[in-house]
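Shown next, in C-alpha cells, is the structure this report addresses.
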Amino acid sequence: MAAPSNHAQALGVATRLVAARVLDAVLHRHRSLRAELGPALSTLPDPRDRALAEAICLAVLRAPARYAATLDAWMPKPLSARDGAVRALLMAGLAQIDPLGLPAHAAVGATVEAMRASGQAHRAGLANALLRRATREGVPPGDPRAHWPAWLQARLAADWPDDVDAIFEQSARMPPMWLRVNRQRVTRDAYLAQLADAGIQAFVDDDLPDALRLSHAVPVSTLPGFDAGLVTVQDASAQAVADALSPSPDARVLDACAAPGGKTTHLLEREPSLAMTALDIEPKRLAQVGDALRRLDVGEARLVAADAADLAAWWDGTPFDAVLLDAPCSATGIVRRQPDVVLHRRERDLDALLVLQARLLDALWTTLAPGGTFVYATCSILRDENARQVDAFLARTPDAVVEPLDARFGRVSGAGRQVLPGERGRDGFFYARLRKR
C-alpha cells in the first residue's frame, strides 16, 4: 500500500487506516482487541491521533451489529467476504458520525481519503455517498444486544430480569473517564484546580476520596502531571476496592492477579507502609506494575510472576494480613471498555473461569492470617461468578465469615455487593469481604 500523501496525512488518514486494521482483525479474524490495539496505536506518533483511533475502534465494537445493518441496508450490493478491510473502514466512518460526532467534513473526508490510500480508490465514491447519507439522515439505531451471544443474553436475563435492558443499553455507551489522584503527591482539590487551569472540567465523588470524574474524556497526555505521577486513569468501581480491603498500616498485603497494577498502587498511595506483594501469572503484564510504581513513586512492592494457586511456587509460608483477589472473570461488567469480550466469549470459557475462581479462592485463603481480611472482586455481573461463587466458598470453608459492605459498593447480592454497568457512572463490579475466624 502506498504511503498517504502529505494532504492525506493532514486529513488524518493514517488514524483511520489504523482503526480499520484493528477492526478488521477483531471483527473478521477473531483477534483480541488488547493484542491488536496497542501495537497498532504505537505507529501513530501524535497522542491525539492515538486517542481518536482508539475511540473509533471502541465505538464500532460497542455496536457492531448496528453499523453492519446500516451497511447491509444502504449498500447497492453486499461486500464479499474478502472485503473485510473495506467493511471495517466504512464502519469506522459511520462511528465517527455517530456516536463520536466528529465534524462531517473531517469524518467523511478523512475516511474517503483512507479508502483511496488503502488501494481501494474505486470505492472512494461509495464511501463518500454512504457517509454523506449518514450525516444527513443519521445512523439508524440498532438493538444494543444484537451482537451478544444468545447464551449470555439468557444468563443476564435470568440474573437481572428487571435490569437486563439497562445493562445492554449502558454497555453500548461510551463510559466516563475517571481519575484517581495520588494523595502522596497532591490533594484532590489542588489537582482539581490544575485541571481547571488546563480547561478540563471534573467533578468529585463523595463516596470515593481520591476520585475525579471528567465531563469529557481527554487524551492522557493532556492531564497535568500525569508523567510525574500525580494521577492515574482508573474507573470508580476499581477504586472502591481499596476501601473494601482497607488494610492497617504496616500490614502484609497480597494483591493476587495484580497486573497492570492499579489496585497495588492505589493501596500504596493510601498507605505507603504496607508490605505489599503483587502477584500475576503473566510476566509481561507484571512488568506494568513495576512501571506504575515507578511513575507514581509511592513505595515498593515485591513483584512475583507465578500461578497464584500454586502456593509452592511463590509463597514462603508467612501469612498475609490482607489478601485481594481481583479474579479472572468474564468481564461482562466492563463491556463498554472491552467490547470484544462479547464477540469472543464462549459458554465453555465461563465454565473454565468458574473452576479457576474456585481454585484461586481455596488456595489464597490458606495464605491469610487468622483475623485477616480477604476481598474477592470481579468486573463481572454474572451471579455464577459472584454471589454464587462466594456462597459455594463459604459453604466449604468453615473459618470464613462474611463482613458486610455498605451501600457505597452497590446493591446487595448474596454475601457481597454488585454494581451494574452505568450505575453512578461506574463499571459493573462485584465485591465480597470475608474475615478468617
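The values are calculated or read from the model by the stated rules, or taken from the named source; none is laboratory data. None of the values given here were measured: they were computed from a predicted structure. Every residue, glycine as well, gets a Cβ built from its backbone with ideal geometry; the counts of neighbours run over all protein chains shown.
Scan the stretch 395-411 for residues that are over 16 Å from Ala377 (Cβ atoms), outside any loop (DSSP other than H, G, I, E, B) and not small (Gly, Ala, Ser) and the total you get is 2. Being farther than 17 Å from Arg433 by Cα and of a type in the set (Gly, Ala, Ser) is true of Ala352.
Output the number of residues of the stretch 359-370 satisfying the condition of being part of a helix (DSSP H, G or I) and either free of Cβ contacts under 8 Å to residues at least 24 places away in the same chain or surrounded by fewer than 17 Cβ atoms within 10 Å (Cβ to Cβ) (or both).
2
The residues of the stretch 218-237 that are aliphatic (A, V, I, L, M), surrounded by fewer than 21 Cβ atoms within 10 Å (Cβ to Cβ) and either at positive phi or modelled with pLDDT of 95 or more (or both), listed by number, are Ala228, Leu230, Val233. Against the list (1) surrounded by 19 or more Cβ atoms within 10 Å (Cβ to Cβ); (2) assigned to a helix (DSSP H, G or I), the condition Leu44 fails is (2).
Taken across the stretch 139-150, residues that are within 18 Å of Val341 (Cα to Cα) and without any contact (Cβ under 8 Å) to a residue 12 or more places away in the chain do occur, with at least one present. Yes or no: the stretch 390-403 includes at least one residue that is under 18 Å from Asp243 (Cα atoms), more than 17 Å from the chain's Cα centre (by Cα), surrounded by fewer than 24 Cβ atoms within 10 Å (Cβ to Cβ) and in contact (Cβ under 8 Å) with a residue 60 or more places away in the chain. Within the stretch 390-403, none of the residues are under 18 Å from Asp243 (Cα atoms), more than 17 Å from the chain's Cα centre (by Cα), surrounded by fewer than 24 Cβ atoms within 10 Å (Cβ to Cβ) and in contact (Cβ under 8 Å) with a residue 60 or more places away in the chain. When each of Val304, Val342, Val298, Val289 is tested for being out of contact with any helix residue (DSSP H, G or I) (no Cβ under 7 Å at 6 or more places or on another chain) and among the hydrophobic types (A, V, I, L, M, F, W, C), the lone residue that passes is Val304. Tell me whether the stretch 188-195 contains one or more residues that are in a helix (DSSP H, G or I), assigned by TED's automatic domain parsing to the domain that holds Gly372, modelled with pLDDT of 95 or more and crowded, with 19+ Cβ neighbours inside 10 Å. Taking every residue of the stretch 188-195 in turn, none turns out to be in a helix (DSSP H, G or I), assigned by TED's automatic domain parsing to the domain that holds Gly372, modelled with pLDDT of 95 or more and crowded, with 19+ Cβ neighbours inside 10 Å.
Checking Gln288 against (1) surrounded by 17 or more Cβ atoms within 10 Å (Cβ to Cβ); (2) of a type outside the set (Gly, Ala, Ser); (3) at pLDDT 95 or above, only one condition comes out false. Which one? (1) is the only condition that Gln288 fails. Can you work out which of the residues in the stretch 333-358 that are closer than 14 Å to Ala377 by Cβ and touching a Gly at 6+ places or on another chain (Cβ under 9 Å) is surrounded by the most Cβ atoms within 10 Å (Cβ to Cβ)? It comes out as Gly333.
Quick check on Arg87: is it surrounded by 22 or more Cβ atoms within 10 Å (Cβ to Cβ), among the basic types (Lys, Arg) and not assigned by TED's automatic domain parsing to the domain that holds Arg346? The answer is yes for Arg87.
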